[in-house]
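What follows is a single structure, written as structure tokens, with notes after it.
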Amino acid sequence: MEKVFLVTNSFAVGGLATVIMDQAKALNSMGFKPCIIALHGTGDLNPGCRVVSLSMKDSKASILFRVLYAIFRPFIRNMGNVFLVKKNMDILSCCLEDVGYSSGDVVILHGFKTIIKVGGMPSVSAISVLHEMPGKMLSGGNYVVRLVQKVIADAFFKRARMVAVSESVRKDFHNIFGEKKKAIEVIHNGIDVDALRVRASEAADVIEGRYIVSVGRLEGVKGFDVLIKAFSGIRDTDLKLVIVGGGGENAFLVDLAHSLGVQERVLFLGYLRNPLPIVAKAKLFVSASWSEGFGLAVLEAACIGVPVICTGVGGLAELLEGDTHCFFKPGNYEELREKIEYSLYVKPVSVNLKEVLDIQASMRRYLELK
């Protein structure tokens, strides 16, 4: 076995892109030949290996498939156009053949949207990796809608070995599809701490003064509104809140900061290819997420020695341990404010990883599944 193919819906932005890039670099150092295949866009990251960008059928599909999607859209929310699975499966199969896939190689499908889009790839030896809580992806509509979504997703999940990046993701999967129905291996994402420190030392725009930082997609599940509300109650006018990330709630969050009178102290930096130099100089990293499959940004901050306060949901609860001021209840912005103030003005919070998240050890476990 010489080649490992890492397949993702998009390699453009986000924590998943970082995970895949780190996996590719680890595989290179282990003597394998990784190849990243992005179904939509490759972004500007440099993983040090071959990257192939495909053009999956979706919005550009023929009128028939677009009509089918329009009719059944309430039943396939968050799934995309499942009527195109066979076509997209064929596109990926042809790509794998073109880049030299052979029996004995490994194909790793990263993320719910990737697995659904290509139907789990039954034609190759694929490993399907869930980074998200499937319950969140299949939570729309009434009972009938959720049942249809469950049947469709279950058909695709049956076609490959399953991996969850945390015990919380595995439990969520079993709550939906049944504990005895599918064996799922838990493999935590590995972290290359030495590489993190190098990235954290890169040059970046300087933010004047003292600040706390949060990194993530600007979406409701990340709880940035909770964080801004908590920050607005802190009367230290020299303190700033730096938010790194892009997403659909950007305008809402900017308006919220204005309505709370802290617009001058909340800095929205948008998406940054490497946010770690900003994180490294922060007094505190805060995550107010309602749900996390793994929580990479939080764990990276902890690995480079930045004090962390988070909700302790999902993988974070499994992998972090610290004093009582490290964790707060999701949505409770008053509790969050108190813990931020304690860490800044009384004693910095102390948090540690419960286990070493070695990137090469993580990849060896994937290869053992073959």
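Some values worked out for this structure:
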| item | result |
| --- | --- |
| Per-q log10 I(q)/I(0), segment 113-240, q = 0.20, 0.22 Å⁻¹ (Debye; single scatterer per alpha-carbon; no solvent) | -1.17, -1.30 |
| In segment 284-370, GluC sites (Glu not before Pro) in a DSSP loop with at most 15 other beta-carbon atoms within 10 Å | 355 |
| For segment 245-310 and segment 110-141, distance of Cα centres in Å | 27 Å |
| Three principal axis lengths of segment 182-282 [C-alpha, angstrom, descending] | 48, 39, 21 |
| Acute angle (nearest 10 degrees) that the helix 15-29 long axis makes with the longest principal axis of the chain, alpha-carbon atoms | 70 degrees |
| Sequence of 152, 63 from largest to smallest accessible area, 1.4 Å probe | 63, 152 |
| Among 319, 16, 256, residue whose mean-square fluctuation peaks in a GNM of the chain (springs only between Cα atoms under 10 Å) | 256 |
| Theoretical gain in end-to-end length, residue 154 to residue 370 [0.36 nm per residue, Cα-Cα removed] | 75.6 nm |
| Accessible surface, the chain, averaged per residue in Å² (probe 1.4 Å) | 44 Å² |
| Rotationally averaged projected area of segment 148-206 (alpha carbon convex hull; nm²) | 6.8 nm² |
| Relative contact order of segment 270-370, defined on C-alpha pairs under 8 angstrom at six or more residues apart (%) | 25 percent |
| 243, 176, reordered so the largest accessible area comes first (probe 1.4 Å) | 176, 243 |
| GluC sites (Glu not before Pro) restricted to segment 188-247 and DSSP loop, no more than 11 other C-beta within 10 Å | 202, 208 |
| Cα-only radius of gyration and Dmax that characterise segment 65-128, units Å | 13.2, 41 |
| Pair-distance profile P(r), taking every C-alpha pair of segment 52-176, with 10 angstrom steps and integer % | 13, 42, 34, 11, 0 |
| Whole-angstrom gap from segment 342-358 to segment 155-217, using each part's C-alpha centre | 19 Å |
| Exposure rank, largest accessible area first [237, 18; 1.4 Å] | 237, 18 |
| Listed residue pairs exceeding 20 Å between alpha carbons, taken from 240/339; 117/158; 113/158; 150/222; 182/222; 87/117 | 150/222; 182/222 |
| Where Rh is the Kirkwood radius over Cα pairs, Rg/Rh for the chain | 0.97 |
| Relative counts (whole %) of C-alpha pair distances in segment 174-222, using bins that are 10 Å wide | 15, 24, 32, 17, 11, 2 |
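The values are calculated or read from the model by the stated rules, or taken from the named source; none is laboratory data. In this text, all values refer to a predicted model and were calculated from it rather than measured experimentally. No Cβ is skipped: glycine too gets one built from the backbone with ideal geometry, and neighbour counts run over all protein chains shown. The area values use the complete protein model at the heavy-atom level, side chains included, leaving out ligands, DNA and RNA. Shrake-Rupley method; radii C 1.70, N 1.55, O 1.52, S 1.80 Å.
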